[in-house]
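Comments concern the structure below.
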Amino acid sequence: MTTYIIRRIFQLIPVLFGVTLFVFLLMHLTPGKPAQIMAGESAPTHVVERMEQRLGLDQPYHIQYVRFVSNIAQLDFGVSMRSNLPIIDEIRPKFWVTLELAIYSTILSIFIGIIAGIVSAVRRHSKSDIIIMLVALFGLSMPNFWLGLMLMQWFAINWGWFPPTGWGTPGQVVLPVITLGTAGAAVIARMTRSSMLEVISQDYIRTARAKGVKERVIIYRHALKNALIPVVTVIGLQFGALLSGTVLTETVFAINGMGRYVIDSIIARDFPAVQATIIIISVLFVFVNLIVDISYRYLNKRIDLD
Amino acid sequence: MSKENSILKINNLQTSFFLEGDNEVKAVDGVTFDVPKGKTLGIVGESGSGKSITAMSILKLIGHPGKIKGGEILFNDQNLVESSEKEMRKIRGNRISMIFQEPMTSLNPVYTVGQQISESYSIHQGLSKKESKKKVIEMLKLVGIPSPEKRINQYPFELSGGMRQRVMIAMALACRPELLIADEPTTALDVTIQAQILELIRELQDELGMSVIFITHDLGVVAETCDYVAVMYCGKVVEYADVKTLFKNPRHPYTVGLLNSLPRSDMDQEELIPIKGTVPSPDDMPEGCRFAPRCPFATDLCREKLPNLDDIGDAEQIRCWIYTDEWDGDPEVKVYEPQK
Amino acid sequence: MNRKNKELLSVENLKQYFPIKGGIFGRTVNNVKAVDDVSFTVYEGETVSIVGESGCGKSTTGRAILRLDTPTSGKVEFDGVDLVSLNKKQMRKMRKDMQIIFQDPYASLNPRQTVRQILNEAMEIQNVVPKSDRDDRIAELMKTVGLQPFQADRFPHEFSGGQRQRIGIARALSVDPKLIICDEAVSALDVSIQAQVLNLLQRFQREMNLTYLFISHDLGVVRHISDRIIVMYLGKIVEIGDKESIFENPQHPYTKALLSAIPVPDPEIKKERILLQGDIPSPIDPPTGCRFHTRCPFATDKCKEELPVLESLSHMTEGHEAACHYAKEIETGEHKPTKDITKVR
């Protein structure tokens, strides 16, 4: 297991290299000089040149790249074009907001998804199965900004149960988390159901029945742990997607998170800030995947052979 | 058939699967046999004969869309067909245990060997993990697993096929059942490992005094392990006899056909005499004797009317018109001539 | 029996190793020595069987001969041509003469093709029968394997297991091969159907002078169909000889144990059974010296260190060879087992 983890961490090196290179090239492959774009189309040449000097954009590419990477390694993402403040300081509070939002939504979707999936699988072809799967399909196909707007309309504006916008108080958490968690819950429910159905037909479940184990124990002890193995992968992917996918929800509920920050940065042509958010999200995504793979191996003893 | 000393009596058991569109597949179609106490009954048959479904029916492990439609399963005078699920759970793994064909997939991959065996003790004897640990080790020792103290913490994937089957046996025998149902327990194993496992089952049977139902398609295994044999074809028992009689003087043309098509490792044969044709599909079951279309002796009677499973002698039963007064074919017909 | 016939297939020092990746950088840390230095010859018109238990390398040998996996080293000569040196195109041509029938015919038949298309394609690739004659040839093939010509327009799933195996045989026969490798070809079939297929295979051998390399774990089937038998254990040949010698006068302790372990369908026979202890070791780190020494009741220190070679001794028939240091001494009773593992039933 330790060997495996070390090997996986080594394998991250080329991935992270790829990510930084891609982000770096992104800036240089866009038509026009980066400095010109940042300064604005009508900016005079001497302003652009000064900016190039300040940002080191006049250096050869490989030197720029080495500096770029070594800065990132020190969590130095440069200075925001808009505010002239270090980007890392700007992002930090927003990052925690987005992370919180993603974590709560994932917990909600795991909770609802797994329970619904189990019920659905155990009572296959029953009314509850059909209803759960219909709701899941609905949850999956509904655009979440629309769901967010609807929730806000009814629960915040019409009935006043929750505050319509903002982030921080427990009340403010509810609606955005439901909005974001729904799609994940639907995916997890469907995955749990199919995985559970497959596991229930396995030989070792028959063995457990022949042993005299109660049906309930068979489901929760013998089947669930096996059925969760593929579900873990889906949960990891969901979480990764949430980190970068909160943009619309943050906009709808006026939450000051990373999603909004990146949108604002794009609109303001704040290149260093866009780069920083992309890198942070990518690195996070890669690490979430690593954690998923490790827990996958932990659950699935069979593949831990070396 | 020894009527008085049976641990299990099955009378006219019927198990069907109900597929979409009112399509009923009669997997077990009126099966009747006895398992004498302390003895081994072999159930032989080819795929589709219903032998495994019969075994699953005894423990009432038939799930949707299958259903036990009728008949009796008398286990020590308790009719299991009418027993509740709760009563069945007390029997399963406790008084009647089962082992399966695929040791590779029959153990739960995410729990250790020890956890899986001790579960039997916690269900049926209410023992805690600590209390059962000693018993689990004892059990593993009994089935010949070396260094059991280490093995209890291993996962199934860490064991070879033969070892896993030993674990399955340990788990099945944990609560000292009165009856063990072994469904093709050695089919997936190599010959030398099969020999070990067969020997083990035999030894444990002597030691624990249990009765065994041995389900297999391998006539060699039957000859070596069983006392009595029921031959099944298309959901019905066609012949029941003690093992010596069955191999020395088989009566049913199907039994004879099986023996004649078997390539032997212990003698040279001129040629194999196969049974012609194939097993009929369940939705196209012949009306009369199920074997009539493939039987070299079949007459119109066979094709029209299903013969009964009749007693012949003390412990022999046969389902064939040839051995009845109504037989309308060659009166001198000799079904079996031993091969040289 | 076929000693006078010409050599059709000769395998020399065949090795097939499969690398195992591992460690932090995923390098090759070890090899599965599936086939480890195997040599034998198959003569035209005979049936040679390779028997052994899982991990002995019998199927791998078959695949290596057909180059379904490229052998690690060694020489495979078929009809005078060294197969290992051929390129893909040349090898494809050679496959006309060497066909394989697998255990699970269903997995090897394209489910979206009718039997006619399957047979047509086989003939098309090898271009053995002129297009205009193919329909006649298909009808003939169907009849030969005991199916109706009109069934050629059905799909594989519409047939039973035994019938599908017949289709597999028909496909193999369609290109008029010289050698057919049967890899557990009848193992999945019920006995009554198995007998039909075995009889069919034997008939074709007589009629078309086919040569079979028969890979099986079922010693009953092997005894029935073979002229000569190769016994393998953990990637090596432990004994080779004609059928009578192997079954009536086995020399290697493993062969003896294997034969004694087969259940015999006769409850009245009292049999002395050699019960081998323990499991078959892994082919990843096979035992040193004689591969069988870990389970052999006769093993000594010499067996642990020295690899025995195949040799024929004075009390054995011509062509009968066993790889055991003590074959002679065990026969004369000079070398006794260190532990008694026989059991009479």
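The values are calculated or read from the model by the stated rules, or taken from the named source; none is laboratory data. Computed from a predicted model, the values in this text were never measured in an experiment. Here Cβ is always computed from backbone atoms with ideal geometry, including for glycine, and neighbour counts include all displayed protein chains.
Listed by first and then second residue, the pairs linking a residue in the stretch C:322-345 that is closer than 26 Å to C:P263 by Cα to a residue that is surrounded by 14 or more Cβ atoms within 10 Å (Cβ to Cβ) and of a type in the set (S, T, Y), with Cβ atoms under 9 Å apart and 6 or more places separating them unless they lie on different chains, are C:A322/C:T255; C:A322/C:S312; C:C324/C:Y254; C:T338/C:T300; C:T342/C:S260. Scanning the stretch B:189-223 for residues that are outside any helix (DSSP H, G or I) and facing chain C (nearest Cβ under 10 Å) returns B:L189, B:D190, B:T216, B:H217, B:D218.
Suppose the filter is touching a residue at least 24 places away in the same chain (Cβ under 8 Å), over 12 Å from C:I181 (Cα atoms), surrounded by fewer than 21 Cβ atoms within 10 Å (Cβ to Cβ) and of a type in the set (D, E); does C:D69 pass it? Spelling it out, C:D69 is indeed touching a residue at least 24 places away in the same chain (Cβ under 8 Å), over 12 Å from C:I181 (Cα atoms), surrounded by fewer than 21 Cβ atoms within 10 Å (Cβ to Cβ) and of a type in the set (D, E).
Summed over the stretch A:235-285, residues that are of a type in the set (A, V, I, L, M, F, W, C) and not in a helix (DSSP H, G or I) total 4.
Yes or no, residue by residue, for (1) at pLDDT below 90; (2) buried (at least 23 other Cβ atoms within 10 Å of the Cβ); (3) under 19 Å from the mean Cα position of the chain (by Cα):
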site: A:G166; (1), (2), (3): yes, no, no
site: A:P170; (1), (2), (3): yes, no, no
site: A:A185; (1), (2), (3): no, yes, yes
site: A:M196; (1), (2), (3): no, yes, no
site: A:I229; (1), (2), (3): yes, no, no
site: A:T233; (1), (2), (3): yes, no, yes
site: A:A241; (1), (2), (3): yes, no, yes
site: A:T251; (1), (2), (3): yes, no, yes
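Scan the stretch B:321-329 and tell me whether some residue there is within 14 Å of another protein chain (Cβ to nearest Cβ), surrounded by 14 or more Cβ atoms within 10 Å (Cβ to Cβ), over 22 Å from the mean Cα position of the chain (by Cα) and assigned to a helix (DSSP H, G or I). Within the stretch B:321-329, not a single residue is within 14 Å of another protein chain (Cβ to nearest Cβ), surrounded by 14 or more Cβ atoms within 10 Å (Cβ to Cβ), over 22 Å from the mean Cα position of the chain (by Cα) and assigned to a helix (DSSP H, G or I). Scanning the stretch B:141-162 for residues that are assigned to a helix (DSSP H, G or I), more than 11 Å from every other protein chain (Cβ to nearest Cβ) and in contact (Cβ under 8 Å) with a residue 24 or more places away in the chain yields B:L142, B:R151.
Residues in the stretch B:100-140 that are away from every other protein chain (no Cβ under 14 Å) and of a type in the set (D, E): B:E131, B:E138. For C:R27, the criteria (1) surrounded by fewer than 19 Cβ atoms within 10 Å (Cβ to Cβ); (2) at negative phi; (3) touching an Asp or Glu at 6+ places or on another chain (Cβ under 7 Å); (4) of a type outside the set (F, W, Y) hold in every case but one, which is (3). Taken together, the residues in the stretch B:272-293 that are modelled with pLDDT under 85 and surrounded by fewer than 13 Cβ atoms within 10 Å (Cβ to Cβ) amount to 3. Of the numbered criteria (1) within 20 Å of A:I280 (Cβ to Cβ); (2) touching a residue at least 40 places away in the same chain (Cβ under 8 Å), the one A:L108 fails is (1).
Do we find a residue being facing chain C (nearest Cβ under 9 Å) and either buried (at least 24 other Cβ atoms within 10 Å of the Cβ) or part of a loop (DSSP other than H, G, I, E, B) (or both) anywhere in the stretch B:164-178? Within the stretch B:164-178, not a single residue is facing chain C (nearest Cβ under 9 Å) and either buried (at least 24 other Cβ atoms within 10 Å of the Cβ) or part of a loop (DSSP other than H, G, I, E, B) (or both).
Would you confirm whether any residue within the stretch A:13-22 is in a helix (DSSP H, G or I), out of contact with any helix residue (DSSP H, G or I) (no Cβ under 6 Å at 6 or more places or on another chain) and at pLDDT below 85? No, the stretch A:13-22 contains no residue that is in a helix (DSSP H, G or I), out of contact with any helix residue (DSSP H, G or I) (no Cβ under 6 Å at 6 or more places or on another chain) and at pLDDT below 85.
Among residues of the stretch B:256-271 being more than 8 Å from chain C (Cβ to nearest Cβ) and at pLDDT below 90, the one that is surrounded by the fewest Cβ atoms within 10 Å (Cβ to Cβ) is B:E270. Inspection of the stretch C:50-61 identifies no residue that is of a type in the set (K, R) and over 29 Å from C:I284 (Cα atoms). Residue pairs whose Cβ atoms lie under 6 Å apart, sitting 6 or more positions apart in sequence or on different chains, and linking a residue in the stretch B:34-62 that is in the same structural domain as B:F214 (by TED's automatic domain parsing) and more than 23 Å from B:F291 (Cβ to Cβ) to a partner that is basic (K, R) and surrounded by 21 or more Cβ atoms within 10 Å (Cβ to Cβ), are B:L59/B:R92; B:L61/A:R209. Between A:M150, A:M142, which is assigned by TED's automatic domain parsing to the domain that holds A:I229 and loosely packed, with under 14 Cβ neighbours inside 10 Å? On inspection, the qualifying residue turns out to be A:M150.
Residues in the stretch C:200-227 that are of a type outside the set (S, T, Y), buried (at least 24 other Cβ atoms within 10 Å of the Cβ) and not in a helix (DSSP H, G or I): C:L213, C:F214, C:I215. Among the conditions (1) within 30 Å of A:I266 (Cα to Cα); (2) in contact with an Asp or Glu (Cβ under 8 Å, 6 or more places away or on another chain), the only one that A:T165 does not satisfy is (2). Cβ separations smaller than 7 Å between residues 6+ apart or across chains give the following pairs from the stretch B:235-249 residues that are at the interface with chain C (Cβ under 7 Å from one of its Cβ atoms) to residues that are of a type outside the set (S, T, Y) and part of a loop (DSSP other than H, G, I, E, B): B:V243/B:C226; B:V243/B:D227; B:V243/C:P267; B:K244/C:P267; B:K244/C:E268; B:F247/C:P265; B:F247/C:D266; B:F247/C:P267. So, B:P253, is that one surrounded by fewer than 20 Cβ atoms within 10 Å (Cβ to Cβ), of a type outside the set (V, I, T) and in contact (Cβ under 8 Å) with a residue 60 or more places away in the chain or not? Criteria not met by B:P253. If the condition is being in a helix (DSSP H, G or I), touching a residue at least 12 places away in the same chain (Cβ under 8 Å) and within 14 Å of chain C (Cβ to nearest Cβ), then the stretch B:284-315 contributes B:P293, B:R294. No other residue among B:S52, B:S97 is assigned to a strand (DSSP E or B), within 14 Å of chain A (Cβ to nearest Cβ) and over 22 Å from A:Y220 (Cα atoms) apart from B:S97.
Of all residues in the stretch C:245-270, none satisfies the criterion of being surrounded by fewer than 17 Cβ atoms within 10 Å (Cβ to Cβ), closer than 20 Å to C:D340 by Cα and within 8 Å of chain B (Cβ to nearest Cβ). Checked against (1) small (G, A, S); (2) assigned to a strand (DSSP E or B); (3) touching a Cys at 6+ places or on another chain (Cβ under 8 Å), B:G71 passes all but condition (3). Evaluating C:G319 against the criteria (1) part of a loop (DSSP other than H, G, I, E, B); (2) in contact (Cβ under 8 Å) with a residue 12 or more places away in the chain; (3) at negative phi leaves one unmet condition, (3).
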